[in-house]
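Every number here is computed from the coordinates shown, using simple stated rules; none is lab data. Bear in mind the structure is a predicted one, so any value in this text is a computation, not a measurement. With ideal geometry, Cβ positions are generated from the backbone for all residues, glycine too; neighbour counts draw on all protein chains shown.
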Amino acid sequence: MLEGVMLGALNAIAVGAQPITYAWERSRDNGATWTTVQTQTGYDGRRLRLASVALAEHGTQYRLRASNTAGAAVSAAAQLKVQPLPGVRRKMLHLRCDENAGTVAADASGRGHPGKLYGQSGFTSTSGKFGGAFQLPKDVVVGVNSHADLRPVTIPGDPDQYPVSTYSAMAWVKADAGGRVVGLGFDNPDREWIIGLDETLHPWVWSQRQELRSATTISAGAWHHLCITSDSLALRLYVDGQLTDTMPLTRRYLAQHYSENQTKPDQLIGFAMLRIGGSHDARNKRTSLVGAVDEVRLYDFVLTPSEIATVMANGEPPLSGGDNVPPAAPSGLSAVLR
């Protein structure tokens, strides 16, 4: 078990006629396919060092193939389990949605991931739940870290930029027609999550190829708060601060695929793309959100009901262990006179 982002190592040894060549292999699809990540002859080859292990590597499998002139043998697979460091609670994204011109939306989280408007020449602002809000006509999208056609792009650094296995995502929405409210997509559908509204304004959620459709209905033309929390075992939907639905996540979380020849393959999260507004093909019913969106937030931990209420009041839950957390007031100050 590894915690957080840290260094790790895998060790094994084979007995047989020397020299023995060790080939470490990795699988991100539950053992269906394997990729060689290190080959070395001799005693040192029995160890594989893992640098910058990110939360997104949870579930990755490793095995060791040993070979000599007489033949080859493969070890049983070992599964990597990664947990967040205790006390790490970070805000990963915060779009206040106050822009009323231009095509760039500021990220108030301090992590530097602005949104970009696609589908019209500039933001149309309306009165929001707090300040302004994005007024989104049909097929207008705000994308975070993506090309105009929303293709995945590589984001340097910040390997755990978007939380996947444990997270909370939320937004205020005033909808006239249903569609995607906010969602994070990957090249691996097992790691997508989407919050949306159907054509009758019932909230729905898509996560790990599973769909939740709520019996709750929101009112057209009125502000409502939609929030999901996920701990990889279950996804919970909150509407206006009330827990309305829980969906067990029965599919095993799969780590994301990426090109094996990247310079820094640990930065796999760069293939992620987050979209606000637009459409999504759910159960073969394609709808596009028409309405307003405000206060889009993403955290890498599960918020409690009381913390969700705090966020709904435009507050902030306690944060710790991140680079966007201000220092506490210094104490114990003393002076020495000479």
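Each other residue within a Cβ distance under 10 Å of S75 adds +1 if Lys or Arg and -1 if Asp or Glu, for a net charge of +1.
Cβ crowding within 10 Å ranks R180, R96 as R96, R180, fewest other Cβ atoms first.
Within the shell defined by Cβ-Cβ distances under 15 Å, the residues around Q135 carry a net charge of -2, with Lys and Arg each +1 and Asp and Glu each -1.
Mind checking the full-extension length gain between S306 and V15? Use 0.36 nm per residue of separation minus the Cα-Cα distance, one decimal, nm. Spell out each step's value before the answer.
Working: separation 291, 0.36 × 291 = 104.76 nm, distance 5.69 nm.
Result for the pair: 99.1 nm of gain on full extension.
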